Structures are given as structure tokens and as C-alpha cells.
Amino acid sequence: MRSFLASATAVLVALVLVPAGSPSATAAARGESYESYLSTRSGPGRFPLVARGAAAPIVTAAGDHAGVLRVAGDLQSDLHAATGVRPTVSTTGEIPAGSEPILVGTIGRSALIDRLVKSGRLDVRGIAGRWETSLQQVVENPLPGVRRAFVIAGSDQRGTIYGAYDVSRKIGVSPWHFWDDVPVPHSDAWYALPGRHTQGTPKVKYRGFFINDENPATGTWAPGYFGPGKVPAYPGGLNADYYAKVFETMLRLKANYLWPAVWGRAFAEDDPLNHATASRYGVVMGTSHEAPMMRGIEEWNRHAKAAVRDANGNIVTPGSDPYGGTGEWSFRRNRDAIVAYWRDGAKRMAEQGFEGVITLGMRGNGDVSLPDGDGIDLMSTIIETQREILREFGLQEAPQVQTLYKEVQRYWDKGYQPPEDVTVVFCDDNWGNMRKLPHAGLPARSGGYGLYYHFDYVGDGRNYKWVDTINLTNTWEQLNLAYSKGVDRLWVVNVGDLKNEELPTQFFLDYAWNPDAMPLHRIGDWERRYAAENFGPALAGEIAEVLSEYGYLQSRRKPESLNRRISGDAQNVVYNDQESAYTLTDYREMDRVVAEWQKLAAKAERIKRRIPADRQDAYFQLVDYQVQASANLYELRRAEFTNIRYAAEGRAATNDLADEAEARFAEDQALSAYYNTELAGGKWAGWQTQPKIGYGNAARYNNASWQQPQTDNHVALPDEIYPHLKRIEVPSAAGLGVALDGGDATTLPEFSPWQSQPQQFIEVYNKGTTPFEYRITAGQPWVKVTPASGRVDEQVRATVSVDWRRAPKGVTTVPITIEGAGGTQVVQAPVRNPQVKPQGFAEANGYVAIDAAHHHRKTGAWRLLPDIGKSTDGLTPLSEGAKLDYRMTLTTTGPVKVSAWLSPRNNTLPTPGLRYAISVDGQPAQTVDVIAATGADDTAMNRQWARNTSDNINITTTTHTIDKPGVHTLTFHAVDPTVILQRLIVDTGGVKYSYLGPPESRRY
């Protein structure tokens, strides 16, 4: 990978984004097949927004919503950014004499729009009365003295806002223009085409995200950029100025709902203008699953002092809080204070009049279970008490939700259901797998159902919050499943800092707007639109390919989790930061994975050289940093883990690998330093501060292997942080060392003409600094070694292959002698040359590995899920009785183990489990419930669940008897509908540990 230290100062050459008068970034960016209601060219009936150096004035009516009056100013700024011409803005309804205006207004609130409707000039059928729906239309003779107008009319406040921002997006203003410094392409003119244009009505009513886990990135950057908080006692940065940028981006993405940041922060108190700003923008506020009644839990923490209790729960020292209780967050023991606290939240909402969705229920303080226990009667009392408070303040009609997060789902599972007008929000398991979904047997709920999803997480089995690690196919499959089950009232996703999760956030919100417009096979089209919107159409296809490959590679395993478990039982998962999750020795796995990342980084770098100078900062933030930094991290980890292995073997190359690891670490720090000091003129100072390397220090964190270290800087904290490297004293005298492919000390992996990997290798290495001559001699002439002799400075890798035309049938063991540095070592090469002709997938090296999509026959309906697996596509059944047949040729007889590699889904539907069945040659099928078999019941969020989600796989195994060598049929039977099959591995005695599993077998 090209060094960032060298490339950061490369000369940038400006390129032309879009030729003047071309279809522009608008249609390409929005994926409308170059058909848009805006164009850079004039034509019959087209309305000039900006043309010949003049801009149409923007006019709103004084009585319209505050959010509409405000967005007119953004539309003004966007047109100016796109053309260099700044329109005037009137918020009083006054139209400049002789002008052809842009009229922006809400049906029923704008006197201008209502006048057009009443006169019959504007037909709003299909728009009026709908939720958040807009209409864009050129209207002839709309008002006396006005020849034409371009009208942006909304069914409600946000309908109008979305209509205005849709114009902005079509002229090339990316929703990420602030967060990622995406420039606006220039055009001298913009015209609106005749006709009626609408973006439709959103299918999901409330759509938004949760800013969470915001330290250290946002917490470090925001105070410097936005200044201190308005209330000096509280953390700075996340004030009304910060949230104004968040709200604007939400609305540009057609989101409407926000859970604000919670780590030591209280939205309502950090800046008294925060709620007012949300109202001014027209954003719906909510609070997270642990913060009921429109009050963040941090507000309680700031004002309440808990009582001190003894081991028996008796109060030793009374607490104090402004509500007269003990300060303890307990409904049983501190009810009066809790109720008073909630009343103040309801009172604030009623007095300030902001729009909100109210969280009901109660969880423990600090994102934990309620200390009062999980009795249904208690929860019922809590929610009824909260609803009484809402009635007291006239808020009973406000939308209300109960979020079934973690332990809260137990209430639902035990039969508790909140009042039917409350939206029940189902949750994923924090790793993108929904835990529960509604089913046809449930009674109708006027409150409907929602979902809470994660693109960022702090918790077991490991934090993931550094860069985007989301696989869009996986996300599509789970969102599609939820939507198909009637989950359409409220969708919210944890996006961490928001910045770093741009692509999946936009995908989530676009899908929520209209799932029917985004079938699975259109994900690639969506990625190209996303790339075009931010970088123009010329390179959109290539950038989309990089982003797609990035999502696939990154989703295999979170970058924070590249170390391997040293203890993997269900109750005690402990990580070792000196051993790789990807094997260094078997199937050349780590080398293959690093090579894939290097190839992707090289492609991203080649594109970078063609990116226009004014988009280099945006490209770095949205594409290049995450690709280059991740590829570098993989190289760093390979060097680190290889160094540790070499040190144990006494190799002369040990210290070279330590140097390489240090160089990769320096590269990582250089990337962060550029981000924090030079990018966008220093705008993002302090942003790139999220640790991602030193997780899993059990001694310091008391086996809390998910908890992040304080920094990646190993100089600052050498006892805690990466790198764990070893340096050795290398003697001058030469010493012969031999390492074999596969890691065995004496025997190479078995050779077969059917193996996927045609050659094995022998590594001859030096244990000293003096070079020596080596020679490798095979015991049979049909076994070839290349190079068979030569000079070893540090190490030489020689390949071993078999001339199958001369090799005898059956199994033969061939000795291979290695000589050098005064020593000799003999290793064995087992060679199997089968006598039968293979059909289908052929056994070799003690296994048959089959990717799910490579069946020779399928029964019933299946959906192919491209790149959803750790190393392949997935298949999920769409009909009862669906099955997949795989033909294979085995040379082994007797018992064999068949492992099914499934996506780590949960049992979301009311079936007895999450089941599949396996049969061989038509024998009775063995049924497996993957939840029961692995103990990975996510209702307990146990250690096995943590392992499966971290590994992104659920592997279960059945044993079958093969009566004779030859051709056999392996059948996978779908039992439950939400199973996703990735791979099948038939272990005939030779499968070695690997994270991705052995390479797919050869198919004949």
C-alpha cells in the first residue's frame, strides 16, 4: 500500500466534474435515469430558477411554519452555491413586482399556496392531507401580475421542507456537504421542467437516528468547533449550533426523528435553546430506550444523589435530590421522586410545545436492567403512571413508544403488552440481527410497530465504533423482513457520531422512505447514486465498486476484533492481543485477506488521483480514509502476529516484522494526524481519536473484553496498548529452521489432484545473521520442489507440487529432506491420488467445502443474498419445503461431520426455534435448532451469542455415515423461513481452524 506519509503531499490536479449543459450530477446522483424535473438547459415550458445571471426570488408566507420560513434561507444558499447567483428571500408573502418567483409553502398554512389551490391553479389532490408529502410544479399565471411561478407545496411542515431540500439535492447539494465537505458543482443555470413532480409519501412514519457513543470523536471535536456549552457546568460542544447541523442533515436525508447524544449529556440542559432549535427546524425529538418521559438519564444523574445502602439493601446514608427522594433510580424504593422527575419532563414538553415521541417504561441507570426486577405488574404500573402524567399535561395524544431493548423484551416474551396505542419498538441484538418481529397472531395495534437498529455499538462481545463496518445486503435483508411483517411506524438507528456512518445511514433512511423502490437487486444502483451525489457521475461506478467491496470485507469481522480468543467457551470469552483471529498458518488465510485489502486500497488510491482537487477532502472522508486505514490495520496486525510467531521460532526475520509493525503503526498515526490537523483546513481537529487496536487487555479491564482502551498510543501507555511486539537477539552463527504450510512441524498438508490449493510450501529460515546454502530433496521424482536449492539470508519459501501423471494411485507418503547450515531435517508429504472420477465437489485435504449458492439442484423458492456471508453469498428460503442439493465425491468412508455456516440470526418469529435439516443420500434428515444447539439465545445476550455475532456466523454440526467412496448427495432442508445458509463444510478428518473456513473445494 502506498504510504500516506508520502502521498499526503501529492499534487492535486483539478478535473472537470460535469461538462456544461450535460445531464449533470442531479439525475445521476438521484438515480432517476437522467430524468429529473430540473435541468441545466432551457426549453419549452421550463422555469428558470437561475438563468442569465439572475435568480427567481424565493417567497414564503408569514403565517407558515417556522421550519418552512427557515428552509427558504437554505434554498437561497444552495442556489447561490450551485450557480454563484443569490436569490432574494421574502418571508412575508410579498412578490417582487414583475418577477417569476419560487413559491414555497404548506397547504393550510401558507396564504399563497391556499390561494393557488382555491383558484384552481394548483391541484393538490393526492398531496393534501398526507404525511410529509411535497409537490413541485411550474404554474402558469398563478396570481394577478405573475406570469409563472415554480411552486414547492407541502402537505405539512416537513413535506414542504423535504420539497425544498429535494430541489437542493437535484442541483448537486449533497446532504453531507457540512459533515464531509462535499462541494457543490457549478452550473450557470437551472430550470424546472413542466409537469407535476412529487417524492411521494414516506412508508415509515418516523425515521431517524440516535447519536450515541459520541466520545471521544464528537466529544473531542465539537467543543473546539462549536464552542463551550451555554451552561458552563456541563460538557461543551453539543449545543444548539451543533444540533442545527445535525437537524439540517436529517432533513436533507428526509429523516424526521432524533434521539440526542447521551454520554454525560442532557439535550435539554446543555443548551436551553436545543429544544427550541429542534422546533425551528421542524424535527421530532425523542429519547433513547433508557430515558423515559422526554428526560435524558443524565439529567437525573446531575441532580440526584443516591442513598448509600448496606449489603441487605438498607439505607445507611440518605440521598438527596431536588424531588425530595433518596436519589436512587428505583421505582419501588423512590417512587415519589421518580414521578416528580417525570412530571417535570412532561411539563417542559407541554410548556415548550416541541414535537416529540415519548418513551415509556423504565430501565436501569446506565443502560442496564431495572434494579427493581422485571415483573410484569411493575412494568404495567410504571407505564400507567407515566400515561397518567401525560394526561395531566394534555399530552395523551402525543405518540408514545416502548422499546424492547435487551432485557425489556422479556416483558413482551412473558405476555405483557403496553396499551394498544403505544408503538412497540422491536430491536436488533446490537449486531444487525433483529431479535423479535410481530406476527399475524397478534391483535391489531393503533400504535403500530417500530424498530431500533445498530450501525455502532458499545458492549459485548466487542465495541465497534471506529469506521463504517456495515454490509448493505445484510441491512437490506433485515429491514425488508421487518417491513414485510408490518413494522412501519418508527425506525431509528444508532449511528454513533453520525460522521463515519454516512453511507449506511443514508441507505437506512432512503429504504425507510420507500422500501418498495429499493429491491435487493438495486443495491448496486443505490451505491452508484450515492457516489454520484458526492463525487459526480464520471467516477461514480468505480467508487461504488470500492464502497461495495469495502462493506463486504469490513463486515466479516469488526476491525476492533482482529485478535483471537484464548478461551472460547460459552461462559468465558477472553481475548488475546497476541494472536490473530485469521489464521497465519492454515489455508494462507491471513495472507489472502490482507491481499484483498491491499488490492482494494490500491484501487481507491488510483481513483483518488483522478478526483478533482475540490473534492479531495470529501473523498478522503467518505472513501479513502476508511479504506486505507483499514488496509493498513490489517497489514499492521499481520506483521504483529507474525512477529510474535517468528520470535517463538527464533527466526532471524523476527525483528524485521517488528519494524514493519511499527511502520504500519506510524502510518496509522499519520492518517489520524492528517485528519485532525490538515483535512479541510483543520476543520476536524480532534475527530480521529477513536481507539481500535488495544482491546482485550483482560488484566486491566477485568476480562471486560468489549471495553475500549483509552488510546492507540503505545508510547503514552506502554503497559496497555499496542503493539505487543517481540525483539530477539539474533546470533551470528547460521542456524537451520524449517516451517511447513499448515503449521505442522513434521508433515505437510495432504496433496490431492482435487485440492483447491495446487501447491504446498516449505519455508527454510535462518536463526542467525550469517547466510547459508540449502538443498531440498524429495524422496520421489514426481514430487517437485522449487527452488530446490539456493541461499538463505533470512528465509526462503519453496513450493512443493506433484506431477499427477506419474504419481501412483492410492495414498503414498514421500519424505522430503532439507539440508543447510550443517543441519538436516526430514518432513513428510502425504499424497492421495484417487482412482475414481470426481463429480460435483471433490474431497481433498480432508474436507469438502461448498458455498451455498453453488447447488446443483434446488427445490422451492430461494432468495440469493449477494456478499452477505463472511466469504460468499447467502441463500434464504421463501417457500415451505425448500431444499438445496449438492453433489460431492468422497474418498473417505465412515462418520463425517457436516457443519452448516449460517448468518447469526435470531428466532424472530413464533416458530419452535431457528431450524434446518441435513441429509445425505436420501437418508433421514437430521434437524438442528441453531439457537438451542449453540446456546446462543439472545434473550440472555450470553457469551455464545457474543461469539456468534462477533464472528458473524453460527456454526452447527451433524454427523453422518458414508458407506462407500464415490459420488454422494448432500441436502440442506429449510425448516424455518429466516435461516440464511452461507456455507456447508464436510469434515472427513482434515479441517483446520480458520476464521473464514477452508477454501471452496474444486467442482467437477
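Structure values in brief
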read-out: Scan of segment 804-815 for residues that are more than 19 Å from residue 740 (Cα to Cα) and not in a loop (DSSP other than H, G, I, E, B), ordered by number; value: 810, 811
read-out: Contacts under 7 angstrom Cβ, first residue in segment 765-785 being more than 21 Å from residue 832 (Cα to Cα), partner surrounded by 19 or more Cβ atoms within 10 Å (Cβ to Cβ) and basic (Lys, Arg), 6 or more apart; value: 765/651; 767/651
read-out: Residue in segment 437-444 that is more than 21 Å from residue 368 (Cα to Cα), of a type outside the set (Asp, Glu), in a loop (DSSP other than H, G, I, E, B) and touching a Leu at 6+ places or on another chain (Cβ under 8 Å) present; value: yes
read-out: Lone qualifier among 95, 171, 102 - being β-branched (Val, Ile, Thr), farther than 25 Å from residue 36 by Cβ, outside the structural domain of residue 681 (by TED's automatic domain parsing) and touching a residue at least 12 places away in the same chain (Cβ under 8 Å); value: 95
read-out: Candidates 796, 827, filtered to the one that is out of contact with any Phe, Trp or Tyr (no Cβ under 9 Å at 6 or more places or on another chain), hydrophobic (A, V, I, L, M, F, W, C) and not assigned by TED's automatic domain parsing to the domain that holds residue 980; value: 827
read-out: Residue in segment 899-906 that is at positive phi and not acidic (Asp, Glu) present; value: no
read-out: Members of segment 954-972 that are crowded, with 22+ Cβ neighbours inside 10 Å and farther than 14 Å from residue 906 by Cβ; value: 968, 970, 972
read-out: Selection status of residue 645, surrounded by fewer than 19 Cβ atoms within 10 Å (Cβ to Cβ) and charged (D, E, K, R); value: no
read-out: Residue 631 being touching a Phe, Trp or Tyr at 6+ places or on another chain (Cβ under 6 Å), in a helix (DSSP H, G or I) and at pLDDT 95 or above; value: yes
read-out: Condition check for residue 147: basic (Lys, Arg), more than 28 Å from residue 514 (Cα to Cα) and not in a loop (DSSP other than H, G, I, E, B); value: yes
read-out: Segment 983-1003 - residue that is of a type in the set (Ser, Thr, Tyr) and in contact with a strand residue (DSSP E or B) (Cβ under 6 Å, 6 or more places away or on another chain) and, of those, farthest from residue 953 (Cα to Cα); value: 988
read-out: Pair list, Cβ < 6 Å and 6+ apart or interchain, from segment 526-545 residues that are touching a residue at least 12 places away in the same chain (Cβ under 8 Å) to residues that are part of a loop (DSSP other than H, G, I, E, B) and crowded, with 21+ Cβ neighbours inside 10 Å; value: 533/174; 534/174; 534/182; 536/17
read-out: Segment 433-470 - residue that is of a type in the set (Gly, Ala, Ser) and crowded, with 24+ Cβ neighbours inside 10 Å and, of those, farthest from residue 422 (Cα to Cα); value: 461
read-out: Subset of segment 128-151 (residues that are closer than 17 Å to residue 201 by Cα and without any contact (Cβ under 8 Å) to a residue 60 or more places away in the chain); value: 128, 129
read-out: Residue that is modelled with the lowest pLDDT [pool: residues in segment 223-245 that are under 30 Å from residue 511 (Cβ atoms) and buried (at least 22 other Cβ atoms within 10 Å of the Cβ)]; value: 238
read-out: Which listed residue is within 34 Å of the chain's Cα centre (by Cα), in the same structural domain as residue 114 (by TED's automatic domain parsing) and within 24 Å of residue 353 (Cα to Cα), from 72, 66; value: 72
read-out: Any hit, segment 167-181, residues being assigned to a helix (DSSP H, G or I) and buried (at least 24 other Cβ atoms within 10 Å of the Cβ); value: yes
read-out: Close pairs from segment 249-268: first within 18 Å of residue 204 (Cβ to Cβ) and assigned by TED's automatic domain parsing to the domain that holds residue 175, partner charged (D, E, K, R) and part of a loop (DSSP other than H, G, I, E, B), Cβ under 7 Å, at least 6 apart; value: none
read-out: Condition met for residue 368 (of a type outside the set (D, E, K, R) and either closer than 21 Å to residue 414 by Cβ or surrounded by fewer than 16 Cβ atoms within 10 Å (Cβ to Cβ) (or both)); value: yes
read-out: Segment 467-500, residues that are hydrophobic (A, V, I, L, M, F, W, C) and touching a Pro at 6+ places or on another chain (Cβ under 6 Å); value: 470
read-out: The one condition in (1) under 30 Å from residue 279 (Cβ atoms); (2) out of contact with any Pro (no Cβ under 7 Å at 6 or more places or on another chain); (3) assigned to a loop (DSSP other than H, G, I, E, B) that residue 362 fails to fulfil; value: (2)
read-out: Some residue of segment 557-564 being more than 30 Å from residue 689 (Cα to Cα) and either surrounded by fewer than 21 Cβ atoms within 10 Å (Cβ to Cβ) or touching a residue at least 40 places away in the same chain (Cβ under 8 Å) (or both); value: no
read-out: Given (1) modelled with pLDDT under 95; (2) hydrophobic (A, V, I, L, M, F, W, C); (3) surrounded by 15 or more Cβ atoms within 10 Å (Cβ to Cβ), index of the condition residue 308 fails; value: (3)
read-out: Residue pairs meeting the criteria (Cβ under 6 Å; at least 6 apart or on separate chains; first over 12 Å from residue 978 (Cβ atoms), in segment 902-922; second of a type in the set (Gly, Ala, Ser) and in a loop (DSSP other than H, G, I, E, B)); value: 917/925; 919/925
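Condition check ((1) modelled with pLDDT of 85 or more; (2) not in a loop (DSSP other than H, G, I, E, B)) across all residues:
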{"residue": "670", "(1), (2)": "yes, yes"}
{"residue": "684", "(1), (2)": "yes, no"}
{"residue": "691", "(1), (2)": "yes, no"}
{"residue": "696", "(1), (2)": "no, no"}
{"residue": "711", "(1), (2)": "no, no"}
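Matching residues to (1) assigned to a loop (DSSP other than H, G, I, E, B); (2) buried (at least 18 other Cβ atoms within 10 Å of the Cβ); (3) of a type in the set (Val, Ile, Thr):
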{"residue": "36", "(1), (2), (3)": "yes, yes, no"}
{"residue": "76", "(1), (2), (3)": "no, yes, no"}
{"residue": "80", "(1), (2), (3)": "no, no, no"}
{"residue": "95", "(1), (2), (3)": "yes, yes, yes"}
{"residue": "104", "(1), (2), (3)": "no, yes, yes"}
{"residue": "131", "(1), (2), (3)": "yes, no, no"}
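The values are calculated or read from the model by the stated rules, or taken from the named source; none is laboratory data. Worth saying up front: this structure is predicted, and the values here are computed from it rather than measured. Positions of Cβ are generated from backbone atoms using ideal geometry, with glycine treated the same way; all protein chains shown enter the neighbour counts.
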